[in-house]
Amino acid sequence: MACVRRACRNDEGLNLTSSCLKSAFGTGEHKISNVALFDDYLAKVVPMVERFGGRYLTKAGSHEILEGDWRPNRVVIIEFPDIASIKNWYRAPEYQPLIALRRSAATDVMIILEGL
């Protein structure tokens, strides 16, 4: 992952750091019940994620369980420029019908995390 280093001014003066703009990560765990509907969701959501600055970091079906009873069909990690970008995508009016589509095709857990 490439880091963006920026000069930021804080209480201590000028600071060259990558922490001024923190990436955010969206993770989704999907237990897919209807593959055709989920594929329809993916065809629509991928370009939308990209328009909001998102970038998929993982390959579908590549997860491997090392410990525990967790059994999703699909796990995804998406990087966004910052928390605001991921929330803007998730709350966008055009994404709301896709949430319903995804929920009709899978049982999901979706979380966001702020990067370092």
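The values are calculated or read from the model by the stated rules, or taken from the named source; none is laboratory data. It should be emphasised that the depicted structure is a prediction, and the values quoted were computed from it without experimental measurement. Note that each Cβ is placed from the backbone with ideal geometry, even for glycine, and that neighbours are counted across all protein chains shown.
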In the range 29-52, which residues are buried (at least 16 other Cβ atoms within 10 Å of the Cβ) and assigned to a loop (DSSP other than H, G, I, E, B)?
52
Whichever residue in the range 53-69 is of a type in the set (Ser, Thr, Tyr) and surrounded by 13 or more Cβ atoms within 10 Å (Cβ to Cβ) and, among such residues, is modelled with the lowest pLDDT:
58
How about the range 64-82: which of its residues are under 23 Å from residue 104 (Cα atoms) and assigned to a loop (DSSP other than H, G, I, E, B)?
70, 71, 72, 73
